[in-house]
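Structure first, then comments.
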Amino acid sequence: MVAIGVLALQGSFREHAALLRRLPGVSVVEVRTPEELMSVQGLVIPGGESTTMALVAERWGLIPLLRDFLSSGKPIWGTCAGMIFLAERAEGTKSGGQALLGGLDIAVSRNFFGAQINSFETQLGAPECLRKFGGEDVFRAVFIRAPAVLQTGSGVEELAHYTLTEQEKDPAERLLHFVCVPLLCLCLTSTGGCGRLWVCVSFHQEPTSDLQWHQLFADMVFAHAGQTAVEQQAIQSS
Ligand code: GLN
């Protein structure tokens, strides 16, 4: 059994929690306090409004704790506003900026696809890792006031992308929007190594009844928790 947290400060945390509760072996914690954050082995940061989410997190003193969680190597999945919150760089932030947790080497544009009225649904080519759960070549992606990933660092791998229509192309001729970027990088720790796993998508998936992204994330948490348990056993018996 693993405990997966959903950051419940603002946004679509209830929808994520409801989908995660359908997965066997997963208990779900809505995370608002340091104790709740400490109790989980993976964390979902939902979509919503990243400025508000960052403000609430700051006011509740959660930013340093969330950064600690990030550096602990436990899997984190940020969707939409959650992805913005995890980005190293964001454009379109209000004057004076907003706190970003950072950690994911991407640059994002917060409201690239426009306002609520410009929200849309589409189908995107499913990455190999997702097919294990859904078996389909495509998946349904819902873009709500969606951000775009403009740049990715070398450790970031693109899982799926959306190609802009002619109208959507901006003057700078950004031809592609990377909408789905997992980062898999290994970092050495004093306990002998830990995996850092992320899946970040700039679209929403929780309004659909499609569970495959949640299954993929839960799988990462299971794998990481298993690895951690093995490491802990090794430390205890040495
Ligand atoms: N554009 C929004 C923001 O800046 C994110 C939208 C979303 O999460 N659906 O936070």
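Structure summary
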quantity: Residue in segment 117-136 that is without any contact (Cβ under 8 Å) to a residue 40 or more places away in the chain, within 16 Å of the ligand (Cβ to nearest atom) and part of a loop (DSSP other than H, G, I, E, B) present; calculated: yes
quantity: Residues of segment 12-51 satisfying the condition of being buried (at least 24 other Cβ atoms within 10 Å of the Cβ), under 19 Å from GLY61 (Cβ atoms) and not hydrophobic (A, V, I, L, M, F, W, C); calculated: SER50
quantity: Within segment 13-55, tally of residues that are part of a helix (DSSP H, G or I), touching a helix residue (DSSP H, G or I) at 6+ places or on another chain (Cβ under 9 Å) and in contact (Cβ under 8 Å) with a residue 40 or more places away in the chain; calculated: 8
quantity: Residue selected from segment 144-164 under the condition within 15 Å of the chain's Cα centre (by Cα) and among the hydrophobic types (A, V, I, L, M, F, W, C), by the criterion nearest to LEU216 (Cα to Cα); calculated: LEU159
quantity: Hits in segment 75-93 - residues which are in a loop (DSSP other than H, G, I, E, B) and under 12 Å from the mean Cα position of the chain (by Cα); calculated: PRO75, CYS80
quantity: Verdict on ARG140 being within 16 Å of the ligand (Cβ to nearest atom), in a strand (DSSP E or B), modelled with pLDDT of 75 or more and not aliphatic (A, V, I, L, M); calculated: yes
quantity: Residues of segment 200-238 that turn out to be away from the ligand (no atom under 16 Å from the Cβ), modelled with pLDDT of 85 or more and either basic (Lys, Arg) or not in a loop (DSSP other than H, G, I, E, B) (or both), as a count; calculated: 14
quantity: Residue check for GLU58: away from the ligand (no atom under 16 Å from the Cβ), assigned to a helix (DSSP H, G or I) and of a type outside the set (Phe, Trp, Tyr); calculated: no
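The values are calculated or read from the model by the stated rules, or taken from the named source; none is laboratory data. Treat the numbers as computed from the prediction; the structure is a model and nothing was measured. Note that each Cβ is placed from the backbone with ideal geometry, even for glycine, and that neighbours are counted across all protein chains shown.
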